[in-house]
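Written below as structure tokens is the structure these notes are about.
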Amino acid sequence: MTETSSAHQVPEKSTPFSDVQLICCAASRQFCDRETVFGGVGISFLAVAIAKIVHTPEIVLMTEAGYVGFAGISSMDSPADNHGGKGAVLHQGLFEMFRDMQAGLVSAACLGFAQIDKFGNCNVTYVAPDIRMNGSGGGGDIASSAGRVVYVSKFSPRIFKDKLDYITNPGFLDGSPDAREKANLVGGGPCCLVTDKGIFRFDDKTHEMVLSEIYPWQTDKDLDEIRAAVPWDLTIASQPKIIEPPSAVEMDALILMDPAKRYQEADALKRPVGKIFLEGKNDIASYREVTKIFNNSMLKAVDKLL
Amino acid sequence: MANVNYRAKPNKVMSEQESISRFLKNGDTFTVGGFLLNRESDCIFREIARQDITQLNYIEESCSFGIDILIGIGAIDRFDQAYIPQHQVGSVNGLPQLNRSLKEGDPRPVKMGGVLNTQNYLGDQEPLELIDWTNYMISLRFVAGAMDIPYMPCRSGIGTDIVKYNKEIIVSEDPFKNKPIVLIPACKPDVAFISVQRADRQGNGQVFGYKGVDEWKARAAKHVVLLTEELVPTERIAENPANTLIPSYCTDAVVVLPYNSHPHGVFGSYATDRLALMNHLVSRQTTDGFKAWMDEWVYGCKDHFEYCEKVGWGNLEETRKMEQKINILP
């Protein structure tokens, strides 16, 4: 699962929010209580963590390494992170997680990607001519078998492709009505793409991507820019729904989940750990400083969630 | 079976050096337990480099940064994976040696099934083959290997380029319901190195926290080396039998090696050492930086204990304290 660019966007006059804040908060509202939800890493995990703290406390968080029903006390660098085990009701294995998913037991998942086409097929493996991305991980399996997939990404013309450089995650394949059934795929496929320029959904009949929800500050000119950034003739809903801007509670949850400031500071060396590292310190005091940054935040989240 | 002797021994404790020189040979296929960045023995890659074992095939669903060391010295012929953590730490590349191999063919060019070959490569080194699967598919390779059956069927990936370009995956028809089904070939690696929190002398290995694919890797592999944080009496193992992921009849060697996943974290044992991780990754970004780092942290240390000494036992103890405020083993 690829981490989408976490570059801190210079807020425009009309939007006092960064792209990460907009994406995570809007995506966090796409789940229902008591659903089993697979979180990826990076902003796709932040979205489900905010969902659990703010909107749907009864969702059952799952990671592919084997954690089920865990609290989600901090952002995940890896689905195997130690704190993923905190508050979990089950520690199982990766094969068992995907077994359960192939049996249709996972309601939804949140994933990042590098390129997407109009039928919601995604590429996270290879960008022409010579860029190797992280690769499928469990993404190809999740897109095959999870009940539905919420995709998240910063908006950019680069992410929309008529023809993907590599198909890693199956969406609605060629868009034909029974394409997924013919491919014997278990899950329902992509349900939406949440970006900082709006939420795209997929038409029930044509399976084509439609811009269906926008932020309150977006103008007709903004919509023209979106249309121009997409290589196919993008359908925009005649009366797009308006997305609520991030709320204070959502923003607090995001900050609590991100003690490393990965999603608030783009440059790894300018984040708290990067700064300590650059000072060249390597003593117990500097280790204690790092411990404090993470444990204070995680213990605060434990109080809130457990 | 050649390995019966090892597996029947009542005391399988040996050094890390011996476990590798005894079981891993040039040309072998190996895997490492754990998933991505946790409970993944990093020290194994350093010791393999010190022993200069080459032409290796490495298979792992989602690997850690450690494999980059062996790619950087040209020791890997074939790398089967589902995920490589290249962009895990923002702008700092997780596998800079793989990236250099891809872009410049140094130390070897890269061939990635169907889509990507190192361009303008003028040298004479054989390419490193990079083969893509999904996490579930790689786990099924070990499940089939563990069950000693030729393949496992699955329902992932029809319509994707993973299935199109990976020539070892077969899309077939389910003979019962006549629907398309994906067949994933078994894998029986020569050696599996698996990091566990506790083990006894006989090789009963216990894992706490997520389990990854380790029980299947251990049953599929011809030789299994447990790297344990702690050596305990069998009675202690019997206190939590549900956590014994790898029973002694699967184990060839037990290596007692605290902090063997460092700089990565281990559930209930120690947190990720973020300062050391940053140091290792930032140092390895350039060719010269990588060589200097290898001289300092790999060739410059006799063994893992000298490496720990270099990190600082006090610092390591801090990562243990940090983790134990969050997770405590039973």
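The table below gives the values:
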{"quantity": "For segment B:106-208: rounded, prolate or oblate by the Cα gyration tensor [a/c cutoff 1.5]", "calculated": "oblate"}
{"quantity": "Surface per residue (accessible, 1.4 Å probe) for the protein assembly as shown, Å²", "calculated": "36 Å²"}
{"quantity": "Exposure ranking of B:179, A:241, A:197, B:12 by accessible area [1.4 Å probe, largest first]", "calculated": "A:241, B:179, A:197, B:12"}
{"quantity": "Gyration tensor (alpha-carbon) shape descriptor, chain B, a/c threshold 1.5", "calculated": "oblate"}
{"quantity": "DSSP beta bridges in segment B:1-95 [antiparallel fraction, %, rounded to 5]", "calculated": "20 percent"}
{"quantity": "Gap separating the Cα centres of segment A:125-173 and segment B:140-181, nearest whole Å", "calculated": "21 Å"}
{"quantity": "Net charge of Cβ neighbours under 12 Å - reference residue B:276; Lys, Arg +1; Asp, Glu -1", "calculated": "-1"}
{"quantity": "Mean shadow area of segment B:178-330 over all directions, Cα convex hull, nm²", "calculated": "12.8 nm²"}
{"quantity": "Exercise: per-residue mean of other protein chain Cβ atoms within 10 Å, A:274-282", "calculated": "3"}
{"quantity": "Accessible area in the full protein assembly, largest first, 1.4 Å probe, for B:229, A:289, B:60", "calculated": "A:289, B:229, B:60"}
{"quantity": "Carbon and sulfur %, accessible surface of chain B computed with the full protein complex present, 1.4 Å", "calculated": "51 percent"}
{"quantity": "Test item: A:87-96 mean partner chain Cβ contacts at 10 Å", "calculated": "6"}
{"quantity": "Inter-chain shielding of A:283-294 (mean C-beta neighbours from other protein chains, 10 Å cut-off)", "calculated": "5"}
{"quantity": "With DNA, RNA and ligands ignored, accessible area of residue A:288 (1.4 Å probe; Å², nearest 10)", "calculated": "120 Å²"}
{"quantity": "Residue B:216 accessible area, 1.4 Å probe, all protein chains in place, Å² to nearest 10", "calculated": "50 Å²"}
{"quantity": "Kirkwood hydrodynamic radius of segment A:3-266, Cα pairs, Å", "calculated": "18.4 Å"}
{"quantity": "In Å², nearest 10: area of residue A:252 left accessible to a 1.4 Å probe", "calculated": "100 Å²"}
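The values are calculated or read from the model by the stated rules, or taken from the named source; none is laboratory data. Keep in mind that what you see is a predicted model, and the values were worked out from it rather than measured. Here the Cβ is made from the backbone with ideal geometry for all residues, glycine too, and neighbour counts use every protein chain on show. Accessible surface areas use protein heavy atoms only, side chains included; no ligands, DNA or RNA. Shrake-Rupley method; radii C 1.70, N 1.55, O 1.52, S 1.80 Å.
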